[in-house]
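To start, the structure itself, in structure tokens.
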Amino acid sequence: MAETMHCYRHPDRETRVSCATCGRPICTECMMPTEVGIKCPEDARLPRGARAGVMKRDQILKSFLAGIAVTLLGALVVYFVLPHIGFGRLILSALAGYGAGIFIHRAGGRNGGPLAMAISGVAVAVAFAPALVLPLLNGNIPIILILPALVAVGFAVYNSR
């Protein structure tokens, strides 16, 4: 059974409804019906263009935490899995970048925008960094790793917008 939520404006009221835009729980008094669902008073007031890419503090925190998770998991995949795959590393990088972008986009409340795109791009790039540092310090340009990194970053940024 779902955990009982409490209205963010009226903490004493239980609810099972949340804002379609920001996801905060709202009671029947706070509900504002709109063309695209029930919203909290703050989000219902804003014109559609004003909300695009605007993230609240908790959404930013969740996006950063998702970015850290992407970096840690991605570094393991890049270091241990990617070297053993031939041409498939481009496909795996594209899929991983796609998944990372979607994960960060959803973790941030699906608002996207420049901040989510930056978090996605940096998280995926940092995941590739450990595998690229040593060859670059030795004077080698590992195109076999740089190209998948660029593909992954591109897919991550595109899917977190």
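Using the basic label-point model (7 angstrom from Cα toward the beta carbon), what is the Leu137 to Thr34 distance in nanometres? Roughly 5.0 nm, to one decimal. Relative to the longest principal axis of the Cα atoms of the chain, the long axis of helix 88-107 lies at roughly 20 degrees. With Cα atoms defining each centre, segment 1-34 and segment 132-148 are spaced 50 Å apart in the structure. Segment Leu147..Ala44, full-extension length gain: 32.7 nm, with 0.36 nm per residue of separation and the alpha-carbon distance subtracted. Here the Karplus relation 6.51 cos²θ - 1.76 cosθ + 1.60, evaluated at θ = phi - 60°, turns the backbone of segment 150-161 into coupling constants of 5, 4, 5, 5, x, 5, 5, 5, 4, 8, 9, 6 Hz, with x for every Gly and Pro.
Once the convex hull of the alpha carbons of the chain is built, what does its volume come to per residue, in cubic angstrom? Walk me through the intermediate numbers first.
Numbers: hull volume 21.8 nm³, N = 161.
Given the Cα convex hull of the chain, per-residue volume reads 136 Å³.
Hey, what angle do you get for helix 57-76 against the long axis of the chain, alpha-carbon based, 0 to 90 degrees rounded to 10? It works out to around 20 degrees. Helix 114-137 and the longest principal axis of the C-alpha atoms of the chain enclose an angle of approximately 20°.
Laboratory data are not the source of any read-out in this text; all were calculated from the coordinates shown. Keep in mind that what you see is a predicted model, and the values were worked out from it rather than measured. Here Cβ is always computed from backbone atoms with ideal geometry, including for glycine, and neighbour counts include all displayed protein chains.
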